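Accompanying notes for the structure given below.
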Amino acid sequence: MQTVKFNPEKPGNPFRILNATNGGPVYKRHADDQWRTNIAEYTAARIPYSRNHDSNACTCYGGPYAHDVHAIFPRFDADERDPANYDFACTDEAIACTLEAGTKTFFRLGATIEHQIRKHATLPPADFSKWARICEHIIRHYTEGWADGFTYDMPYWEIWNEPDLDADDSPNKRCWGGTKAQFFDFYEIVAKHLKNCFPHLKIGGPALANGVDWGDEFLAEMQRRHVRIDFFSWHIYATEPAAVAKRALRIRAILDKNGYEETESILNEWNYVRGWTDQFIYSLEAMHGIKGAAFMMAVISEAQKLPIDMLMYYDTRPGTFNGAFDFYTCRPLKGYYPLRWYGLFYDLEREVRAENEIADLYTLCGVDKAGKLTAVLTHYSENDRKENIKVRVDFGKESEYDIYLLDRDHDGTYLCTTGTPEFDMPVHSCILIREK
């Protein structure tokens, strides 16, 4: 049996926002037919932010009449100063429903990814400056009350999504239909306009798909053009927490190298994916089961140790990548429990980092103001046949601990109260420990 040691007398960093998501709760404020909703479970997870990218593809969030800039302002040739030319109703409702769960909207300004043969809203706007002014009025609607709007606390406004997903010469450009050079011009114009209008808000992007070199060039060019970037958003789909860690360190390095030392690094799309072709079905099955849940908890645990300012799981929309809620019933799946368990850490004062490491065992631990500990142990490996880990937890003091289990047969279930936390953990299992 191996021992993992914690010293609660040596607390570390505060806990960051690591259980944010893409997609809010399934809920209707305007109707009585609440036969299928997850708002109670979503609220219980204490999710601070929900990114609205791809929400345009879900009818429960307003579908094609919501979220995307072209949906809110459907006639590009219209006067952007006239409130009558905006259709806010469905987006208003989706944001209000999300707020009922205690979750703020992280607003992506742009368009939902287009997989269809002919692209429409992902093509470059005909007039970059006008598009920026349209976004200005959208922000004013939600933060300053313009056009019978609101004064919401919505600090994050993201410009576009995954402009690097497809090469300039690709015949199937799904997120940005123009060239890289065009996007650089577009981002500069939009970011400068919005930051000038809203110096107190966080304006950033570009939701980098995968090309760190592309991101490096983007940052260098924005620095040359004197463009402020309050946050840099990026994505990764992987099978190992180590891959997420490697990418996070590279992103932080290119930010610092290009003079963006104060820019937040936000990973706002991530999930388990082994491959996008012949391994894609396996990936979907994994992300909807205990393996995906263990991967989630392992990544969240590692992210607390990395230069990541916010982590946003993709996603909790009713759809293919949702490992947290069942598509048909909205009931919690295995992947719900890492989100909910991390919500407990917001009550803690500081992290307590393990003093030693055990291969394939991921740890997260913190202490509250009264000195009480909460910890999660996760046994995760890409190897589905990995042998059990027998582990003893040494907190450096005698106490009683409530134990909860997430594995193939248990859904965050209370097991026992013990003064000797020792476990035989199969691969893809998570244990929550709470000091009484």
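The values are calculated or read from the model by the stated rules, or taken from the named source; none is laboratory data. Note that the structure is predicted; figures quoted are calculated from it, not measured. Counting neighbours? That spans all protein chains shown, and the Cβs are built from the backbone with ideal geometry, glycine included. Protein only, heavy atoms only, side chains kept; ligands, DNA and RNA dropped before computing areas. Shrake-Rupley method; radii C 1.70, N 1.55, O 1.52, S 1.80 Å.
Some observations on this one:
- Look at the dipole of region 143-299 built from charges on Cβ: of Leu284, Ala243, Met222, the Cα furthest out on the positive end belongs to Ala243.
- Helix 212-224 and the long axis of the chain differ in direction by around 50°, with both axes built from C-alpha atoms.
- Mean ellipticity per residue at 222 nm, deg cm²/dmol - from DSSP H runs of n ≥ 4 across the chain, formula -39500 (n - 2.57): -8500 deg cm²/dmol
- Taking Lys and Arg as +1 and Asp and Glu as -1, the other residues whose beta-carbon sits under 14 Å from that of Ala359 total -4.
- Gain upon complete extension [Ala147, Asn356; 0.36 nm per residue less C-alpha separation]: 69.6 nm
- Annotation: the antiparallel percentage among DSSP beta bridges lying fully within the chain is about 55.
- Extension gain from Arg392 to Met1, taking 0.36 nm per residue of separation minus the Cα-Cα distance: 140.1 nm
- Its relative contact order, with pairs defined as Cα atoms under 8 Å and 6+ residues apart, puts region 1-107 at 28 percent.
- For region 1-83, the list of chymotrypsin sites (Phe, Trp or Tyr not before Pro) that fall in a loop by DSSP and count at most 13 other C-beta atoms within 10 angstrom reads Trp35.
- Normalised by the number of residues in region 302-366, the mean separation of alpha-carbon contacts (under 8 Å, six or more apart) gives a relative contact order of 20 percent.
- Pairs of Cα atoms nearer than 8 Å and 6+ residues apart set the relative contact order; for region 274-389 it is 22 percent.
- Inter-label distance, nm, simple model (7 Å from Cα along the C-beta direction), Asp409/Thr179: 6.2
- Taking 31 Å as the limit for the C-alpha separation, the pairs Lys202/Lys305; Lys104/Lys291; Lys28/Lys372 exceed it in the case of Lys28/Lys372.
- Whole-percent carbon and sulfur share, accessible surface of the chain, 1.4 Å: 48
- In region 274-332, chymotrypsin sites (Phe, Trp or Tyr not before Pro) in a DSSP loop with at most 11 other beta-carbon atoms within 10 Å: Trp276, Tyr328
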